[in-house]
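Input: a single structure, listed below in structure tokens.
The values are calculated or read from the model by the stated rules, or taken from the named source; none is laboratory data. As the structure is a computational prediction, the values presented were derived from the model and not from experiment. A quick note on method: Cβ atoms are made from the backbone with ideal geometry, for glycine too, and the neighbour counts reach across all protein chains shown. Heavy atoms of the whole protein, side chains included, go into the accessibility calculation; ligands, DNA and RNA do not. Shrake-Rupley method; radii C 1.70, N 1.55, O 1.52, S 1.80 Å.
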Amino acid sequence: MQGKCKSEPLYVDLRWAKSVDNLSLRHSQFRPAVLDIAARFLGRPKDELDGEDVQQHRRFRAIARTVTIALTLLTLLLIVGITGLILQIRETERKTSQLLAAQSKIASEEGNYGRALRFAVLAARDTVLSPRSVEGELQLARSAHASTLVAQFTHKGIVNTAAFSPDGTKVVTAAHDQVCIWDVATGKERVRLRHEEFVSSAVFSPDGTKVVTASQDRTARIWDAATGNEQVRLRHEAPVTSVVFSPDGRKVVTTPFDQTARIWDVATGKERVQLRHEKSVMYVRSAVFSPDGTKVVTASEDRTARIWDVATGNERARLRHEGSVQSAAFSHEGTKVVTASDDRTARVWDVATRNEWVRLRHEEFVSSAVFSPDGTKVVTASHDRTARVWDVATGKERARLRHEDSVSSAAFSPDGTKVVTIARDQIEIARIWETVTWKELEELRHEEGVNAAAFSPDGTKVVTASRDLTARIWDTHWLMQYHGRELTRRTCREKLIGASHLTARDIEASPMLSGHEGEDVCDPPSWFSRLTKSMGFGSW
């Protein structure tokens, strides 16, 4: 302090300051004391310093107020901007929802239930940016109620055949040289099996532990259904067109593209017997076991169906037609056989006497004929554009199921309450009919023709195989009893298994979805990611 306090030390009495609050420049006693010291050191008047400090303090406060106001205005502008953007997006989403609901309705009316459900799920989406619309929810309810589609399995080739496992939990499909086993509940592929060429048939064993396949590579093969390991290979001299297990699962019968059917031992893979038709015939169309496994009936182009003894291979009966026999099947008690022929008839035969029981007449070729589960009725499919149901005892026609074109197959459900038919009708479609009034319940449509259709063991579902590269499961017992987000969750979990991703054809039907091919409608992006995309950040 030398040079600043020449006469005497500067003395400031601060004994009165008893707390931190007393040591503030705003304190009426502390501020003058500090100014006394500062004025002596700076050589300036005390009043001048006091005025400058006040001015600096005021300038700082003015700057702080300005910054605060600017930040407040900026925040308000940002909030207003985001709110406006959200409102704009919500309005756009509302209009989009209405349009998607309308397109869903069109798809449903066209019978494209998968697309109808995908569009309806998008229309009913409920988020901050997409409030659930009345139109979207109503259309989702309508689509879910109208649609019996519950699962879809996609291949890279045309699906030739599909069948349920005995417990109904799995489905086996065959597409070109590839066979897949799928989980019905999740739609996920469990096992993949391969041949060298086209696979014409694939079915489960009675206990569900094995799958047998028939292929143009001149083999039938038995596989472990759980692991996909090949267990037995049954070699032929010609392409194999069909194969089925015996009721006890110990044998299979195959029909190669020649004049024979062949019975094989499943455990050893050895051929047991050959069941030979006339040499002039091109091939045997089909072969199936009797319910007790002691007999096989074959259908052939030589105008006969024949019943054979499994143990010896001896012919037990020859059932004659005037045309090629397309199919032959035992009744469930094994006492009768029904045959379908190009001679425009189906015929029921008594196995014990080998006599014709009744003759069922159509106007054109009969492509298939099978018994009802109780054996009292037969359903036939014909090129005369009808499937017909007949009384076995009397041969009288009970019902006529009319189509727009030839009917390739018809079969009863295991409980006998429904019939499924496949008809050409522009492209092949499957139809389900109930057996009380014989009214049509549902059309099961694909984007291309249906090659095969089969009921589940409990009769509540149907699996179809199609040329549109998919197999699909349909359920007419799915009831609408859900609303709001639960409706969407149930639809995704129970009706869009394997079919929840937007397809290229969906995009063609709704160009507004361009760029979203492959997107899972049941797992949409978050509202925040959609907002950032709308603001120009990131991608949806």
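Using 0.36 nm times the number of residues separating R354 and I69, minus their current alpha carbon distance, what extension gain do you get?
Additional length available on full extension: 92.3 nm.
Taking a cut-off of 19 Å between Cα atoms, list the aspartates and glutamates near K251, but don't count ones fewer than 8 places away on the same chain.
Partners found: D207, D224, E230, D265, E271, D292, D309, E315.
Work out, step by step, the length gained on full extension between V436 and E397: first 0.36 nm times the residue separation, then minus their alpha carbon distance; give nm to one decimal.
Extending this stretch completely gives an extra 12.6 nm.
Identify the trypsin sites (Lys or Arg not before Pro) of the range 351-438 meeting these criteria: DSSP loop state and at most 11 other C-beta atoms within 10 Å of the C-beta.
Passing sites in the range 351-438 are K396.
Check cross-link reach from K105 to the aspartates and glutamates: straight Cα distance under 19 Å, and skip same-chain residues fewer than eight apart.
E93, E135, E137, E442, E443, E447, D506, E508
Between I86 and A504, with labels modelled 7 Å along Cα→Cβ, what's the label distance in nm to one decimal, could you check?
Going by the 7 Å Cα→Cβ label model, 4.0 nm.
Hey, which of these cross-link pairs are over 28 Å Cα-Cα: K170/K495; K270/K295; K156/K377; K156/K210?
K156/K377
In nm, to one decimal, how far is the Q274 label point from the D458 one, both placed 7 Å along Cα→Cβ?
Inter-label distance under the simple model: 4.6 nm.
So for the range 147-255, averaging the separation of alpha carbon pairs under 8 Å that are six or more residues apart and normalising by length, what relative contact order in percent results?
18
So, in Å, what gap is there between the alpha-carbon centers of the range 135-195 and the range 226-257?
The range 135-195 and the range 226-257 have Cα centres separated by 24 Å.
For the range 275-352, state which trypsin sites (Lys or Arg not before Pro) are in a DSSP loop and have at most 11 other beta carbons lying within 10 Å of their beta carbon.
Qualifying residues, ordered by number: K279.
How many angstrom separate the Cα center of the range 291-367 from the Cα center of the range 371-436?
If we compute the Cα centre of each part, the gap is 18 Å.
Report the GluC sites (Glu not before Pro) located in the range 188-222 that are in a DSSP loop and have at most 12 other Cβ atoms inside 10 Å of their Cβ, or state none.
Those that pass, being in a loop and sparsely packed, are E196.
Using a basic spin-label model with each label point 7 Å from the Cα along Cα→Cβ, how many nm lie between D265 and L469?
Once both label points are built, they end up 4.5 nm from each other.
Ignoring ligands, DNA and RNA, what percent of the 1.4 Å accessible area of the range 222-376 is carbon and sulfur?
Summing carbon and sulfur atoms, their accessible area is 45 percent of the total for the range 222-376.
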